[in-house]
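Single-structure report; data block below.
Since every read-out is calculated from the coordinates, none of them should be taken as a lab result. The shown structure was predicted, so the numbers you read here are calculated from the model rather than taken from an experiment. Because the Cβ atoms are built from the backbone with ideal geometry, glycine has one as well, and the counts that use them run over all protein chains shown.
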Amino acid sequence: MTNMNAIEVSHLTKKFGDKTVVDDISFNVRPGEVFGLLGPNGAGKTTTLRMITTLLKADAGQVKIFGHDTVKEGRLARSMFGLTGQYASVDEDISARENLMIFARLNGLSRSDAKERTTELLKEFSLEDSADKALKNFSGGMRRRLDLAVSLITRPTLIFLDEPTTGLDPRTRTQMWTTIRELVKQGSTIVLTTQYLEEADQLADNLAIIDHGKLVRMGTPAELKREAGGSKLSFTVTQATQVAAAAKLLATQVTGAVRQTGQQLSVSLSKVAELTPILAALDQAKIMINHLSIQEPSLDDVFMNLTVGKN
Amino acid sequence: MEVQMHKGNVVMNTATMAYRNLLKTVHNPDNFMDVVIQPVLFMLMFGYLFGGAIAGGVKAYLPTIVPGILIQTMLSAGTGSGAQIREDLDSGVFDRFKSLPMAHIAPLAGQLFADSLRLLIATVTSLTTGYLMGWRPAVGFGWIVVIGLLAIFTGWALSWIFALLGLLAKSAAAVQSVSLMTMLVLSFMSNAFVPLHSLTKPLRFIANLNPVTYVITAIRQILATGGWTHEALLVVVFDLVVVAVFAPLTVWAYDRN
Ligand SMILES: Nc1ncnc2c1ncn2[C@@H]1O[C@H](COP(=O)(O)OP(=O)(O)OP(=O)(O)O)[C@@H](O)[C@H]1O
Ligand SMILES: [Mg+2]
């Protein structure tokens, strides 16, 4: 039991008509990690999540949640996770408190437990002041917070978040990240989808990049970035007459191609440690440089390289 | 606090869902329009507009239209469940219901329970309006309760049909327009507002096929004679058949969603 995966997804496939929206996707999620599903619009993130959370029947493939098959043991599997969908899944016509109470009762809490948990969650998510107002008057951020609060009623150890920060302003987004990190600290496993590379980079331990229904790459954010081509070194040679010599010298130090734009030279490094001998050699040759910079690859590079765009 | 998980319980889940639907209605007074304002409006309009022409006076017309409008209101209250179910299914809330470890049928059952309360409100409003306009049935209060229950049961049985419609339709708007048409045809092509013998032959033929005619006749008979009739029994049987046929169909359509 100790090494059991939180989620095992194998060969998950979904067709709408003759369009394959999720195409033979397999991955595992370890307990305690944040797993990010990253992909452009229409990639199939929501569809994948809906199949894992039993909202949608898969055409093929299998999902196990803490070892329990979601088809054969649907109810048991459902009792193990909380879900916050892409679109607000709270009742618009009633208040935040009523929403929490009703969902707590539907989750099987007794009336007094439900009341206690509702009060706790309202406080935890700073919703006390508007607890009894109709949701129609809620801002997007408040709605999202309530939505998440409802998913956390039973303190599930596994939480699914479909685009938790889409449509939130930067401050509210950062608050949501803090909340998510807090949940991880308390031991929760989190699966989230996002279109924001920065978000995936900030939160996820492991990432799966999905495009056109296919899983195109999987790994940690660091691994994926490395794959995108390591760090990029660039500098400007102060004296125009020395540029050719500098380029020649650089070529002897690194394996990658040296690129020249005017007096600026740039080259890919496989590791940052390669920098020292380069600087030493330049110094020895008495070549003056300025505007030195080392750029880490971003997930943007990975994303752009791997996804075709225009779904 | 430790969160205790009880096994989902159909009765409890259904009660919670019924409570939710009632809360929604209370917070959204629009949802009361059809069960409160409509019967009052129709009773006043029909009574004062057509009373003289059809029965020679408002008072004389009331025994005809009180049962007529009562059943018409039941029909339109029943159509409400279809639209509400469709709206629910299309909203994100339903995803949450489905992902909870609760009794699968509870949202549907809760809706239909909440509907019976709406039907009760509609019945009380219709009969009270009639009373205020001068309707004085000769029978005891007990029989008024009986016809009230008969109307509610009929309305409830019909709401299964509209619920099925709601589950099969593409949008809430589609449900609403189909329901409205059904409601109008069923209530006007019957003896709800005019005596059958005043109708032309083809119309009378249609009205005689219309189950609404039988429900209204049964209610009028009870109110006239102060006793249970064969027609009333027939209505109960008809309602039971409707539930027996449409409840499984509705549950099937619900499962499919
Ligand atoms: N019920 C459905 N019927 C037909 N096609 C659907 C249905 N649901 C989704 N699709 C299609 O499946 C594809 C993937 O949709 P999905 O919602 O999973 O994408 P996503 O990655 O979540 O996108 P987004 O970032 O926009 O939320 C889209 O092309 C969408 O049009
Ligand atoms: Mg999506």
query: From the phi of every residue in segment A:65-80, what ³J(HN,Hα) in whole Hz does the Karplus formula 6.51 cos²θ - 1.76 cosθ + 1.60 yield, where θ is phi - 60° and glycine or proline is x?
result: 10, 6, x, 9, 5, 6, 8, 6, 10, x, 5, 5, 4, 5, 6, 9
query: How much FRET efficiency would the formula 1/(1 + (r/R0)^6) give for A:MET4 and A:THR166, where r is the Cβ-Cβ distance and R0 is 22 Å, rounded to 0.05?
result: 0.10
- request: Using only the alpha carbon atoms of segment A:232-295, find the Kirkwood hydrodynamic radius as the inverse mean reciprocal pair distance, in angstroms to one decimal.
  value: 11.5
- prompt: In whole percent, what relative contact order does chain B give with Cα contacts below 8 Å and a gap of six or more residues?
  reply: 26
message: Cut-off is 10 Å between beta-carbons; in what order do A:HIS291, B:HIS197 appear when sorted fewest neighbours first?
response: B:HIS197, A:HIS291
query: For the protein assembly as shown, what is the percent of antiparallel DSSP beta bridges, rounded to the nearest 5?
result: 65
- request: Please build a GNM for chain A, connecting alpha carbons under 10 Å apart, and tell me which residue among A:GLN62, A:GLN295, A:GLN284 fluctuates the most.
  value: A:GLN284
- prompt: Most mobile of A:LEU197, A:LEU269, A:LEU215 per a Gaussian network model of chain A (Cα springs, under 10 Å)?
  reply: A:LEU269
- prompt: What Kirkwood hydrodynamic radius, in Å, does chain B give when the mean of 1/r is taken over all pairs of distinct Cα atoms and then inverted?
  reply: 19.2
message: Using Cα-Cα distances under 8 Å and only pairs 6 or more residues apart, what relative contact order does segment A:232-295 have, in percent?
response: 51
- prompt: In Å, what Rg and Dmax follow from the Cα atoms of the protein assembly as shown?
  reply: 33.2, 119
task: Take the cross-link list B:LYS98/B:LYS170; A:LYS248/A:LYS271; A:LYS133/B:LYS170; A:LYS45/B:LYS24 and give me the ones stretching past 26 Å between alpha-carbons.
output: A:LYS133/B:LYS170; A:LYS45/B:LYS24
task: Would you work out the charge dipole size for the protein assembly as shown about its Cα centre, treating the Cβ of every Lys and Arg as +1 and the Cβ of every Asp and Glu as -1, and quote it to the nearest 20 debye?
output: 680
message: I'm checking a number: the convex hull volume of the Cα atoms of chain A, normalised per residue, in Å³. What is it?
response: 177
message: Explain nothing, just compute: Karplus ³J(HN,Hα) = 6.51 cos²θ - 1.76 cosθ + 1.60, θ = phi - 60°, for every residue of segment B:204-210 in order, whole Hz, x for Gly and Pro.
response: 5, 4, 5, 4, 6, 7, 6
task: Mind telling me which of A:LYS45, A:LYS271, A:LYS225 comes out most flexible in a GNM of chain A, alpha-carbon contacts under 10 Å?
output: A:LYS271
query: Percent relative contact order of segment B:1-96, based on C-alpha pairs within less than 8 angstrom and at least six residues apart?
result: 20
query: When the Debye formula is applied to the Cα atoms of segment A:182-311, each taken as the same point scatterer, what base-10 log of I(q)/I(0) results at q = 0.11, 0.12, 0.18 Å⁻¹?
result: -0.54, -0.61, -0.94
